[in-house]
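All remarks here apply to the structure that follows.
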Amino acid sequence: MKLVFAIVQNEDGQRVTDALNEKGFSVTRLATTGGFLRSGNTTLLTGVEESKVEEVIAIVKKESRSRKKTITPPPTQGNTPGAYMMYPVEVTVGGATIFVMDVDRFEKV
Ligand code: 2BA
């Protein structure tokens, strides 16, 4: 068995969850925070047989969008002229970041 971690943007979380549920996959949603943007994202956990992993990834890929987001970094320190200025940085986020891990044991008791 495998555990698929899919980090998606909050805007896509419900749509991805619905699509997985419609195909019979169980999903646990975690409210998470991206370390770089420091804004909320959604991590979906899906435990599946190895033979289903590609199907799960295909659904996540289909339902996740890529978006541009802008971050204004905190002011830099030091004596460099202009170092106090904050320059917005644009990054492209997503579609989704996916990790697939082995599950040693799975039980429902
Ligand atoms: P964040 O860490 O908030 O990153 C948001 C986006 O910022 C990233 O999109 C990427 O385009 C950019 N970014 C991240 N770190 C950067 C850096 N050190 N320098 C320049 N740009 C940077 P995605 O790559 O699509 O990642 C979306 C979210 O997925 C991330 O949110 C993070 O929560 C998670 N993630 C991505 N890669 C990961 C990894 N290797 N391990 C754990 N979580 C990861």
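The values are calculated or read from the model by the stated rules, or taken from the named source; none is laboratory data. Since the model is a prediction, treat every value here as computed from it, not as a measurement. Using ideal geometry, Cβ is built from the backbone for each residue, glycine included, and neighbour counts are taken over all protein chains shown. For accessibility, only protein heavy atoms count, side chains too; no ligands or nucleic acids. Shrake-Rupley method; radii C 1.70, N 1.55, O 1.52, S 1.80 Å.
Quick rundown of the values:
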| quantity | calculated |
| --- | --- |
| Failed item, numbered, when residue 90 is tested on (1) open to solvent by 90 Å² or more (accessible area, probe 1.4 Å); (2) modelled with pLDDT under 95; (3) assigned to a loop (DSSP other than H, G, I, E, B) | (3) |
| Per-region count, region 1-25, residues out of contact with any strand residue (DSSP E or B) (no Cβ under 7 Å at 6 or more places or on another chain), open to solvent by 50 Å² or more (accessible area, probe 1.4 Å) and within 24 Å of residue 108 (Cβ to Cβ) | 5 |
| Within region 33-45, tally of residues that are touching a Ser or Thr at 6+ places or on another chain (Cβ under 6 Å), over 12 Å from residue 93 (Cβ atoms) and surrounded by 16 or more Cβ atoms within 10 Å (Cβ to Cβ) | 1 |
| Candidates 98, 71, filtered to the one that is open to solvent by less than 80 Å² (accessible area, probe 1.4 Å) and at pLDDT 95 or above | 98 |
| Close pairs (6 angstrom Cβ cut-off, 6 or more residues apart or separate chains): under 16 Å from residue 50 (Cβ atoms) in region 2-24, away from the ligand (no atom under 13 Å from the Cβ) and assigned to a helix (DSSP H, G or I) anywhere | 2/50; 2/53; 4/56 |
| First in region 46-69 and more than 23 Å from residue 91 (Cβ to Cβ), second anywhere and assigned to a strand (DSSP E or B) and of a type in the set (S, T, N, Q), Cβ under 8 Å, 6 or more apart | 46/28; 56/46 |
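Per-residue answers, yes or no, for (1) within 16 Å of the ligand (Cβ to nearest atom); (2) modelled with pLDDT under 95; (3) in a strand (DSSP E or B); (4) of a type in the set (Ser, Thr, Tyr):
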| residue | (1), (2), (3), (4) |
| --- | --- |
| 3 | yes, no, yes, no |
| 32 | yes, no, yes, yes |
| 41 | yes, no, yes, no |
| 55 | no, no, no, no |
